Every structure is written in C-alpha cells, then in structure tokens.
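The values are calculated or read from the model by the stated rules, or taken from the named source; none is laboratory data. Everything numeric in this text was worked out from a predicted model, so none of it was measured. Positions of Cβ are backbone-derived with ideal geometry, glycine not excepted, and every protein chain shown enters the neighbour counts. Please note that ligands, DNA and RNA were not included when accessible areas were found on the heavy atoms of the full protein model with its side chains. Shrake-Rupley method; radii C 1.70, N 1.55, O 1.52, S 1.80 Å.
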Amino acid sequence: MGIVKGRNASPLNVSERVARADICERKNPARWVGVTCGLLVVLGSIGCNKGLPAVSSIAIHPTNSQIIYVGTARHIHKSRDGGATWNMADEGMSSARVMSLAVDPRSTAMIYAGTFGDAIWRSWNGGQTWIPDNRGLKGHLSIVTAIVFDQQVPAMMYLGSTVGIFKRTDPEEMWMERVEGMESVYTVALVADPKHPDILYAGTSGGIYKSVDRAEHWKVMNAGLSVDPVRGALSHGVNSIVVHPVETNTLYIGTTRGFFTSTDGARQWSQIRTIPAGNVASIVIHPRDPSVLYAGANGGIYKSTDGGAQWTAVNHGLTNLTVRVLAMDPQQPETLYAGTNGGLFESSDGGRSWTMKPLVE
C-alpha cells in the first residue's frame with residue numbers, strides 16, 4: 001500500500017493492521033469495513049463487517065443538494081435525487097477505498113476523491129470519469145484524508161494526508177509539501193477559517209496545529225487536550241474540526257478521547273463532558289443557527305442546541321451506531337446524512353429519526 005510511518009510513528013503498527021484488513025477483504029470482498037474518514041478511530045479496530053457497506057465520506061453539491069456523492073470501501077456512489085436512488089460514479093478509478101470527497105465550489109462539475117492506497121483522483125464531469133491527480137506528491141503518499149479549497153484565492157487547494165499537508169495554487173501545478181513546524185504530520189482533519197482564509201487548522205495524531213499564513217508554517221495548539229506524546233499518536237488524536245461560521249475564534253474538535261471546544265482561536269481547549277468520552281469521528285454545525293451541532297461517534301449521533309454545552313443522543317432509526325462521517329444539506333440544514341459502519345442514513349427532521357439509504361456495492 002506504500003504506507004510509510006511518519007515522524008511520530010504509531011505504536012499500533014499500522015502496516016500490520018492494514019495487512020490484516022487486506023486479508024479480511026480478500027476473504028469477504030463485499031463485507032470489508034474499510035478505513036473511514038476517522039482514521040485514528042478505525043485503525044484501532046479494523047474488522048469484517050457482515051452487514052451493509054461502510055461509508056467513509058460524503059460530499060453534497062453546494063448549490064444543488066439533490067446531488068450527493070458517497071464514498072465506501074470499494075466505490076463512489078452518486079445520487080441526483082436527494083438519495084432516493086444511487087449509481088456508481090467511479091469509472092476509471094482504481095479500487096482504492098475512498099477516504100474523502102469534495103466538490104469544487106467554483107466549478108461544481110469538478111470532484112476530488114482522496115483514497116486509501118492511491119492518493120487523490122479528480123473528475124471534471126461530475127464523477128462520470130476519473131484521473132489521478134498526484135503530481136508532486138511523495139511516492140509513498142497513499143492515504144488522503146482531507147481536501148480543502150481556499151475561499152479567497154481561486155484554484156488554491158490543500159490536502160491532509162498520513163504523511164503531512166500539501167498545497168497547490170492551481171490544478172495544473174504540482175502539490176507542495178507544507179509541514180514546517182509540525183512534529184506530528186499524520187493529518188486526519190483539515191479546515192480553513194471561513195472569514196480569514198489565511199488561517200487553517202489541522203487535526204493530527206498528535207493534536208491540533210494552526211497556520212496563519214495559508215499552511216506555510218504551523219504551530220502546535222494543544223493546551224488543555226489529552227495528548228500523550230509518550231504512548232503514541234493513534235491513542236490521542238484529533239478526528240474532526242469545525243469552526244464557528246460567525247465567531248471564528250470558537251472551534252469544536254472531536255478526538256479519540258471526546259469532544260473539546262476553544263473560544264480563543266485554539267490557544268486553550270476545554271472538554272465538554274455532557275457528550276460521552278471516546279471516539280468522536282465527525283462534527284457538523286448549522287450554517288444559519290450555529291448553536292445547533294451534531295457529533296458522530298462510536299455510540300451514535302448526538303445533538304446540541306446550545307452551542308455544544310449539552311448533548312442528547314438522536315439515534316432513532318439507526319441500525320449501526322458506529323458513525324464515521326456526518327454531512328449537512330447546505331440549503332436545508334434539517335436534512336443530514338450519516339455514514340456508518342453499516343451503511344448510509346438520512347434524517348430530514350434534524351436528527352429526530354433516521355432512514356437507511358441503500359447503496360448497492
């Protein structure tokens with residue numbers, strides 16, 4: 001798979017676990033759980049899923065939310081009718097597992113897919129066909145976990161990967177490594193400040209990093225986090241980051257030890273203990289009412305209506321409580337999608353109930 005241990009190599013022996021997963025896939029080709037967007041969560045518990053396909057990534061068209069892309073351990077699926085029906089949308093791709101998906105907000109027919117095993121792919125026609133987009137990436141970079149578009153500079157993009165962060169200023173240019181200041185390069189989450197695009201945050205196996213110059217330099221921001229540099233990264237990593245859309249010094253992160261928040265631009269973190277401690281793989285925030293948040297975790301989905309202070313489980317209808325990715329309809333935020341180890345689910349009532357959306361693998 002071309003996996004090379006980073007500067008803070010995992011004590012969990014990633015290579016051995018991936019090899020075990022590959023054996024599992026060969027024995028059960030339609031039932032492999034896969035490695036999901038919450039890398040730090042799944043690498044500790046790879047196994048065979050005897051149910052529906054594990055969903056690792058979701059991307060919703062920014063202006064036409066009837067168009068949805070979903071990545072699993074084996075395919076990309078596309079819906080043009082809000083999830084009622086699905087078709088395969090991965091012609092030309094390798095069989096690599098899809099870890100991350102993103103729709104270019106300026107050119108919405110352009111789709112990017114980060115994979116486990118074959119870096120990043122690009123489609124210029126809405127997922128009909130794909131080509132590799134790996135120029136400049138290290139030869140051993142095979143796992144792309146996050147894709148971010150600069151909101152101010154046309155065509156500038158960032159990638160998060162298991163060997164660090166990469167940047168380019170144009171789709172025809174080469175990717176450039178940008179890890180100066182990072183001791184922990186194993187990146188799982190990557191986001192930009194919605195009001196100040198020169199500011200980015202990276203969630204890694206060793207905590208949080210912040211850049212104030214578009215990823216040219218990074219500074220660790222772990223005050224208040226339960227990060228253990230002795231026992232190793234994969235036991236205490238950051239899986240997801242959300243920036244408040246209005247008060248952008250307020251951030252929320254999901255970690256392998258629970259949910260944390262900061263109100264001062266990541267200088268200090270506080271744990272929110274009203275949500276069960278443990279793996280929090282994904283967080284989404286309501287774009288028009290930022291007091292409403294959802295968190296996907298190993299115990300299901302939790303909802304807060306007071307800015308993350310109090311949380312309530314909202315799992316009615318979920319048949320699998322290992323949630324790896326959440327996505328919110330940007331036009332109708334009461335509609336959400338949850339990718340789990342047992343398929344894709346939709347809620348149209350703000351999480352009060354969930355319905356499975358069958359994907360044919």
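Only a single item in (1) open to solvent by less than 10 Å² (accessible area, probe 1.4 Å); (2) more than 19 Å from the chain's Cα centre (by Cα); (3) free of Cβ contacts under 8 Å to residues at least 40 places away in the same chain is not met by Gly83, and it is number (3).
Name the single residue that is nearest to the chain's Cα centre (by Cα) among those in segment 184-199 being part of a loop (DSSP other than H, G, I, E, B) and hydrophobic (A, V, I, L, M, F, W, C).
Residue satisfying both the conditions and the ranking: Val185.
Consider segment 66-80. How many of its residues are part of a loop (DSSP other than H, G, I, E, B) and either charged (D, E, K, R) or modelled with pLDDT of 95 or more (or both)? Selection size over segment 66-80: 4. Of the strands (runs of 3 or more DSSP E) contained entirely in segment 275-361, not one carries at least 3 residues that are open to solvent by 30 Å² or more (accessible area, probe 1.4 Å) and touching a Pro at 6+ places or on another chain (Cβ under 7 Å).
Residue pairs whose Cβ atoms lie under 8 Å apart, separated by 6 or more positions or on different chains, with the first residue in segment 235-250 and over 13 Å from His286 (Cβ atoms) and at pLDDT 95 or above and the second basic (Lys, Arg) and open to solvent by 20 Å² or more (accessible area, probe 1.4 Å), are Thr248/Lys195.
Scan segment 163-191 for residues that are closer than 20 Å to Asp118 by Cβ, open to solvent by less than 10 Å² (accessible area, probe 1.4 Å) and hydroxyl-bearing (Ser, Thr, Tyr) and the total you get is 1.
In segment 287-314, the residues that are closer than 9 Å to Ile275 by Cβ and of a type in the set (Ser, Thr, Tyr) never reach a residue that is open to solvent by 10 Å² or more (accessible area, probe 1.4 Å) and at pLDDT below 95 with C-beta atoms less than 6 angstrom apart, at least six apart or across chains.
Do we have Met93 as modelled with pLDDT of 95 or more, open to solvent by 10 Å² or more (accessible area, probe 1.4 Å) and not aromatic (Phe, Trp, Tyr) here?
Numbers: modelled with pLDDT of 95 or more: no; open to solvent by 10 Å² or more (accessible area, probe 1.4 Å): yes; not aromatic (Phe, Trp, Tyr): yes.
No; evaluated as a whole, the condition is false for this residue.
Selection of segment 147-162 for residues being open to solvent by 10 Å² or more (accessible area, probe 1.4 Å), aliphatic (A, V, I, L, M) and part of a strand (DSSP E or B) yields Ile147, Val148. Total residues in segment 117-146 satisfying the condition of being buried (at least 18 other Cβ atoms within 10 Å of the Cβ), in a loop (DSSP other than H, G, I, E, B), among the small types (Gly, Ala, Ser) and on the phi < 0 side of the Ramachandran plot: the figure is 1.
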